[in-house]
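Worksheet: the structure to be examined is printed underneath.
Derivation of every value follows stated rules applied to the coordinates shown; laboratory data play no part. The model shown is predicted, which means the values in this text are computed figures rather than measured ones. Every residue, glycine as well, gets a Cβ built from its backbone with ideal geometry; the counts of neighbours run over all protein chains shown.
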Amino acid sequence: MRKTLATEPRLWTAVVTRREWLHVVGALGGGALLGVACSSSAPEEAAEPAEVAPPPADDALTAQRAAVGAAPIETAQLGPDLTMLSGPGGNVLVLTGADGKVVVDTFVLPAWAALKRTLDGIGTAPITALINTHWHFDHTDNNASFREAGARIVAHANTATRMSESHDLLGMHFEPAPEAARPTETFNATRTLTVNGETIELAHIPPAHTDTDISVYYAKANVLHAGDVFFNGIYPFIDAGTGGTIDGMIAGAERLLNLAGNATRIVPGHGPLTDKAGLTRYRDMLATSRDRVQKLKSAGGTLEEVQAARPTADLDETWGMGFMMPNDFVALVYGTL
């Protein structure tokens with residue numbers, strides 16, 4: 001998810017090599033794409049796999065939804081009224097109390113029934129509000145179901161814009177979201193919600209993973225949801241087609257670090273719960289990767305030459321076991337510099 005990918009598909013083929021596309025195809029079968037990290041034994045294979053034709057865009061999206069949606073929902077209690085859910089999509093937070101349930105993000109479409117059962121098991125309060133951290137489908141797929149359940153939907157203004165457009169992303173085609181799935185309340189810079197005895201501070205992050213990213217901070221609980229500006233333990237995806245860049249990701253991580261204290265618990269968009277030290281390691285990895293790729297690119301290296309130089313080799317064992325394989329991540333960095 002490179003320079004104007006959504007609006008200029010030719011750049012997708014220019015930046016992503018055949019091998020990288022095969023990695024994406026493999027992820028479609030393994031359920032790792034836009035979901036949890038996969039358990040690959042090595043970040044790169046020595047042998048070139050057989051040629052595989054890309055699946056039709058609609059079939060790829062259906063397959064991806066099914067694969068990610070099959071993951072079980074896991075719960076973690078972050079406070080008396082605050083619960084983290086993980087599994088079939090980006091991490092979800094649920095705040096419950098007398099004012100109703102306030103939920104951050106939605107998992108993918110096929111997970112709705114399981115998500116609704118889980119929410120029904122967290123107290124008797126109705127669902128009253130949903131917050132989208134950004135526009136991607138594994139965070140917004142069930143917006144319409146939340147609306148039907150009685151929730152208002154709060155997001156950055158750019159999320160509403162992006163959801164009203166069609167997109168072609170990682171071989172998947174997205175039609176504009178129906179009106180019922182789009183945010184009902186938007187903001188440009190910040191928004192504060194006071195609900196269930198908690199103060200929830202929403203803040204736009206300038207283009208990083210996308211141009212729609214926000215952070216969600218729970219002041220009383222001292223919990224920060226970072227959205228997909230933070231992929232904990234794996235190389236991140238950067239959606240250049242909707243404004244994402246490697247420099248923006250680094251700056252976004254810095255903004256998150258400024259919001260967090262040493263005792264703040266941080267919920268990444270993908271990956272396990274962590275703290276400021278974990279986010280610092282991620283920021284350092286991004287900066288190191290950017291600097292190395294920038295040096296090689298500035299010296300005139302083509303994408304293939306930069307990938308062959310393996311600028312992230314010493315980082316791959318720690319960060320290269322997710323759906324975004326090392327060569328894929330290097331391509332994203334190279335393409336957004």
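Okay, here's what the table says:
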item	result
Net charge dipole size for the range 10-336 [Lys, Arg +1 and Asp, Glu -1 on Cβ; Debye, nearest 20]	620 debye
Whole-Hz couplings from phi, Karplus 6.51/-1.76/1.60, listed for the range 207-213; x for Gly and Pro	x, 9, 6, 9, 9, 10, 5
Nonlocal amide H pairs with His173, under 5 Å, H built at 1.01 Å	Asp58, Leu61
Partner aspartates and glutamates for Lys276 [C-alpha distance under 17 Å; skip if fewer than 8 residues away on the same chain]	Asp228, Glu254, Asp284
Charge-dipole axis of the range 135-255 as Lys and Arg at +1 and Asp and Glu at -1 on Cβ define it, positive-most pick from Phe231, His204, Gly171	His204
Normalised contact order of the range 189-337, rounded percent, pairs of Cα under 8 Å and 6 or more residues apart	22 percent
Relative contact order for the range 10-336, counting Cα pairs under 8 Å that sit 6 or more residues apart, in percent	16 percent
Amide hydrogen neighbours beyond the local backbone of Thr133, cut-off 5 Å, H modeled	Asp105
Loop GluC sites (Glu not before Pro), the range 122-182, which have at most 14 other Cβ atoms in a 10 Å radius of their Cβ (DSSP)	Glu165
Neighbour-count order for Trp319, Trp112, fewest beta carbons within 10 angstrom listed first	Trp112, Trp319
Sequence-distant lysines (8 or more away, or on other chains) whose Cα lies within less than 27 Å of Lys116	Lys101, Lys220
